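This report concerns only the one structure given below.
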Amino acid sequence: MHRLFYALILLFLSFSSYAAEVNNLYQATAPVTTQQQKERDALAPDLLKQVLIKLVGNENQLSQADIAPVLANATQLVERYEYIRNNIEAADLTQPDQLSLRLSFDKNAVNAVIRQLGLPRWGKVRPDVLVWLATDIDGQQSLQGLENIPQDVFKPLQQAADERGLPILMPLMDLQDQSALSFEDVWSGNDDAIKTASQRYGADIILVIKMTIHNDTTQIIWQSGTGETRQRWTSEGFISASINKGLGVLVDSLASEYAQHNQVSDTNKTLSVQIDDVNDYADFSRVMAYLNQIDSIDNIRVNNLGMNILDLDISYSGDMQVLQRLLSVGGLLSELTEPEGTITDKKYYWLTH
């Protein structure tokens, strides 16, 4: 039932220097009553729209584009379909046997559509989000972790994150977390305690959720970041709608920073990069594996590897500032200031160990 979050925990605790990679961006799922082509074709436009929302990132930008002709042609973009049993997929045989359709769309064709529409595209490398969730459910107050979170809260949160392509992590709430952070710390907004408790997870984004549920009505106060950089907003309504709305605000904001505009007429650009503290082939492999995950990078040329320094020319499409943000996602590379007296377009980084 918690397979996604268990996988993310292993990822974070074992490879905290790597960014989260989202691999289901070109897939979408919906419940069905039959396995007939008629129902499959009828669902294709809605499922393609879900994919476009995940890829563009900012739902408001997508809503302003004329995507009706694209949706009308949705069946032509389907690459593969499959039917899944929800209770088996979730490893929860206590649930009813519900059938769902999963459509996978052609990656190159969908990317071409996004370019033609003049929309940005958010690749599979995305900032990972650590969620500190404090709940007041009919007077019962708790700081939720992976094992104690109620399913009627966990499932809508997991589904909302999956539908928007946002990698999220629930804390373990083991003895280390419990000694570092309390419900009162989160509820009162103790940013110092939240920041300290978050360090073990190495996440790019700290998301604080203060959720009050009473008589089926949910009110949520959201906070992204801590200290002077924090942003706050609210949402309310039924629990699923409230979570969807609030998480959508965060995703829209992140997409504006990390999605790349790749116009049809764009030509590739080159960024020269120097990475310090690359000590051996294992370090080199880590760097290259990460860079090859970034969708907007088209080619990497190694100019020099010696004296613990790696010099690269990165061929990319889109905006250089967005690429620089992507290079810093996951904490593998930390940007350095240019050496004094240097006049160059080269960017300098340090490899985290």
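The values are calculated or read from the model by the stated rules, or taken from the named source; none is laboratory data. Not measured: the values here are computed from a predicted model. Every residue, glycine among them, receives a Cβ derived from its backbone with ideal geometry; neighbour counts consider all protein chains shown. Protein only, heavy atoms only, side chains kept; ligands, DNA and RNA dropped before computing areas. Shrake-Rupley method; radii C 1.70, N 1.55, O 1.52, S 1.80 Å.
Quick notes on this one:
- Inverse of mean 1/r across different Cα pairs in the stretch 298-342, Kirkwood, Å: 12.5
- Counted by Cβ distance under 13 Å from Val287, the other residues give a net charge of -4, where Lys and Arg count +1 and Asp and Glu count -1.
- Cα centroid separation, the stretch 292-353 to the stretch 191-246 (Å): 32
- Most to least packed among 160-170, 218-228 [average Cβ atoms within 10 Å]: 160-170, 218-228
- Computed over the stretch 244-353, the ratio Rg/Rh where both radii use C-alpha atoms and Rh is Kirkwood: 1.01
- Principal axis extents of the C-alpha atoms in the chain (largest first, rounded to whole Å): 65, 54, 35.
- Stretch gain in nm, segment Ala180-Val249, where the contour uses 0.36 nm per residue and the Cα spacing is subtracted: 22.0 nm
- Rh by Kirkwood over Cα pairs, then Stokes-Einstein D for the stretch 148-238 at 1.567 mPa s and 4 °C, µm²/s: 90
- Fluctuation leader among Val56, Val186, Val302 - the chain, Gaussian network, Cα springs under 10 angstrom: Val302
- For the stretch 28-172, alpha-carbon Rg over 2.2 N^0.38 Å: 1.22
- Take the stretch 188-279 with all the other protein chains still there, run a 1.4 Å probe, and you get 50 Å² of accessible area per residue.
- Top positive-direction residue, dipole computed over the stretch 101-155 with Cβ charges, set Trp122, Asn111, Gln151: Asn111
- Here the relative contact order of the stretch 263-353, from alpha carbon pairs under 8 Å that lie six or more residues apart, stands at 38 percent.
- Helix-only mean residue ellipticity at 222 nm for the chain, each DSSP H run of n ≥ 4 adding -39500 (n - 2.57), per residue, nearest 500: -11000 deg cm²/dmol
- Contact order normalised by residue count of the chain, Cα under 8 Å, 6+ apart, percent: 19
- Placing +1 on the Cβ of every Lys and Arg and -1 on the Cβ of every Asp and Glu, with nothing else charged, gives the chain a dipole about its Cα centre of roughly 800 debye.
- In the stretch 107-237, Cα pairs under 8 Å separated by at least six residues give a relative contact order of 27 percent.
- Selection from Leu291, Ile239, Leu250 lying farthest towards where the dipole of the stretch 199-311 points positive, charges on Cβ: Ile239
- Kirkwood hydrodynamic radius computed over the stretch 97-160 comes to 16.0 Å, based on all pairs of distinct alpha carbons.
- Kirkwood analysis of the stretch 104-261, using all unique Cα-Cα pairs, places the hydrodynamic radius at 16.6 Å.
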